[in-house]
Every structure is written in C-alpha cells, then in structure tokens.
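Right, one structure below, let's go through it.
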Amino acid sequence: MASAKDDAVTVDADGHEVRVSHPGKVVFPQPGLTKLDLVQYYLSVAEGALRGAGDRPMVLKRFVKGIDKEPFFQKRVPENHPEWVGTATLRYASGTSAEEAVIRDAAGLAWVVNLGCLDLNPHAVRAGNLDHPDELRIDLDPMPGVDWQQIVDVAFVVRDVLEDHGLVGWPKTSGSRGIHILVRIEPAWDFAAVRLAAQALAREVADRVPGLASAQWWKEERGESVFVDFNQNAKDRTVASAYSVRALPDARVSTPLGWDELRVRRPEEFTVPTVRRRFAEIGDPHAGIDAAAGSLDALLALADRLGPAERAPRGAGGGAGRRVSAMPLIEIARAATKDEALAGLDDWKARHPAVVAHLSPADVLVDGMRGSSSLWYRIRVNLQHVPEDERPPQEPLEVDYDPWAPGR
C-alpha cells in the first residue's frame, strides 16, 4: 500500500509526540498489519518490551525495504534523534566504537518502529555500566531436522543446570525456531567471564543429554542436535528481546512464557494480534525477572572443574590461518540474500542427485554471516554421510558474492 508523503500521523506516548510516517504502509501483507499497527502493538506491550530492551544500547535493525528483503544494521544512533532518546558509546577490542541508541520509554519504542525496526536488538548491558553485563543469554538453536519437542526438552535441562548453580532462567520463544533463556545476573563480571560461564553451562547441558544438545561451536560437528549457543554473550552480540516482532509472514513475536507453558504452547501461536490480547489479559510472565539477579560464582567454578574447552583445529603456521575442519566440507554458495544462496544450492543438488540421497537435514549448513551493515549468506555441505569414493570435489561456487568488496 503506497503512502503519500504528507500522510504522517502523530501518536502520544509517555508525554511525547512521536511522528509516524506512512502509517498505512502494509508491513505484513498476510495478516494485513500496517506500520501504525506495529507502533500501536509496541505501545500496548511497552511495559514488557522495555523490561527486555529499556535502558540498554541497541543496534537498529531496519527493514526499510520490507520483510522479504534483507535488513541493514545501524549501530550509530541517527544524528537527528529526539532529545528523549538517550545514547551510549560502546567500545570494542578492535578499537572501534559506536554511539548507540538507548530507549527508556514507550515513545522510544514508537520512534524505533518508525525507523523501520521490527525486532529490538539490545546489548546485555545497561547504559550506566557498559562493561559489566546484567544478563546472561542462552539461545537454543536447533539444527535442521530437530523438532520443537527436542528444543523444549533441552530447555528444561538448561533450567535444571541453572537451578543447580543458584540461577533462575526465564524462557521465551525466539520468534523463529528456537528458545531463548534469559538469566539476570549481578553486574559484577566482564563480558569474558559471562561468556565463560555461559559456555560452562552449555557444556554441562551437552554432557547431561548427549545427542540431544551440543556445545560444539562448529556447526558441522553438531549433528541433529540443539546448539546451546553461549557465544551470544560476546560483547558485540545482540539478540531479539522480549516482545520483538520477527520478520516472518505471520508477524510472529518473541514471547515470554512461564515454564508451565513451555511444553503445551507452540511458537506459531504468538503473533502481533494474539500477543497483544495475551498481554492485556495476563500481563508479562517475566515481570519478576529484575528481582531475580544471581551470582555467576557457581558457574565459573564449574568452568574451572571442566577445564579449557577443546579448541578448534587450525591450519599450519603455528595456529595462524583459517580453521581446518575435521569434516569433509564443500562450499556451495556465497550470496547477498538467502534466496539467492538457496537457489544456488538447488542448482548444485540438481547436478548431484546421488550425493543428495545420502545427506541428512543437518548436513546442509546455511549460515547467516553479519557484514559491516548487513547480512550475507553462505551455504556449505557436509559430506560425512556420503561414501568417500562418491564425494564430489570442491567446485566453483554456484553464487560467488564478495562480502568484502568495497562499499559492502
């Protein structure tokens, strides 16, 4: 639906007037949700959304061309931001820095939606203490071929490990295929310590349910398991926070749940209209999360007992150079968009039907790779289940996009 340049409306939020341009623009064609509908959704769940994203520097993930196009990631806050949108400057080990947006009220939510943001992507720190996270994040990321029940089973193992180490986990749907478990912690440890604690938790979960869960960072080594993703706790990482709308055709929402709901609810139940009604009826299941901050001491002690995690093998040169996988991998495509990458995979499959017959779902590795301001996609195939004498060699890429070319 086209919108005229002068059709902007103004909404009142927390005493601030927020201009919404092109309010009638249809963002989600399937349910018919407009840009103004999304603003009103976030205003209706503002208490819960701000509990997850408020007072935190955030990356602006902007879908300016629609949900079926790749977003771009804007770390730096726009220069013309309202005075009631705060900022915080994050500094990274690479020497770079970025002054990012910090929202603290419903008006801030409306403002980011007007910029084309659908999901909220805050860092795990508060604006007043940028070096010490107050949240440990576990992303249960299923490999292809893994069903929802397996993800739920792993989530309950995560809950048990957390409880055994004096911590409380708060689950939510990711809004895609997985589950996020959030853990409020005292802001007393730096990013490296928080990541180490999360990695120890992941290794313990994988040890308790081998085959169901994996702590292997390298995707080709996980099999059909749920990856307990500890690396979301690195300093430069963000995840979609509670009540974030995801760019799926049904306008699915990353929704906080109670543990008693996790086994009986499904991700597809939670969309913009249903979550808006749910919030009005029951409020936020994560309302108590800020009062549950715990200590990482026990998880860090577990990390000491487990010892150093196995390091990935590397090529020659004393550890320098690119990693050499123990698996027989071939690369199929590098593309600017997922659709282009998958089209390249289809072309490769058409040429190698006998090879495809040996592959399991988890043998096809589709990686979303974050560039400087946008995603690009890589597809590899693990030939571990293909008889050695039938394995095709590495061929020229079906799609050969250079994500490091100037201007990308």
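What net charge is computed for the residues neighbouring F191, neighbours being all others with C-beta under 11 Å from the C-beta of F191, Lys and Arg scored +1, Asp and Glu -1?
0
Counting other Cβ atoms within 10 Å of each Cβ, which GluC sites (Glu not before Pro) in the stretch 8-91 have at most 10 and sit in a DSSP loop?
Those satisfying the criteria are E79, E83.
Beyond a 20 Å Cα-Cα separation, which of these cross-linked pairs lie in this structure: K35/K61; K69/K219; K65/K349?
Violating the 20 Å Cα-Cα cut-off are K69/K219; K65/K349.
Taking a ≥ b ≥ c as the square roots of the eigenvalues of the Cα gyration tensor of the stretch 144-286, is the shape rounded (a/c under 1.5), prolate (a/b larger than b/c) or oblate?
Prolate is the answer for the stretch 144-286, as a/c is 1.5 or above and a/b outweighs b/c.
Where does the stretch 59-190 land on the Kirkwood hydrodynamic radius, alpha-carbon pairs, in angstrom?
Across the stretch 59-190, the inverse of the average 1/r is 17.1 Å.
How big is the gap, in Å, between the Cα center of the stretch 334-408 and the Cα center of the stretch 204-235?
A separation of 22 Å, based on Cα centres.
For Q149 and E99, FRET efficiency with R0 = 45 Å and r from the beta-carbon atoms, rounded to 0.05?
Efficiency, from the Cβ-Cβ distance: 0.55.
Going highest first, how would you order 282-291, 114-123 by mean Cβ packing within 10 Å?
For the peptides 282-291, 114-123, the packing ranking is 114-123, 282-291.
Got a sec? What order do D304, D55 fall in by accessible area at 1.4 Å, biggest, i.e. largest, first?
Putting D304, D55 in descending order of accessible area: D304, D55.
Give me the percent relative contact order of the chain, please, defined on Cα pairs under 8 angstrom at least 6 residues apart.
Relative contact order, the chain: 15 percent.
The values are calculated or read from the model by the stated rules, or taken from the named source; none is laboratory data. A quick note: this is a predicted structure, and the numbers were derived from the prediction, not measured. So basically every Cβ, Gly included, is an ideal-geometry build from the backbone, and we count neighbours across all protein chains shown. When the accessible area is computed, the model is the full protein with side chains, heavy atoms only, and any ligands, DNA or RNA have been set aside. Shrake-Rupley method; radii C 1.70, N 1.55, O 1.52, S 1.80 Å.
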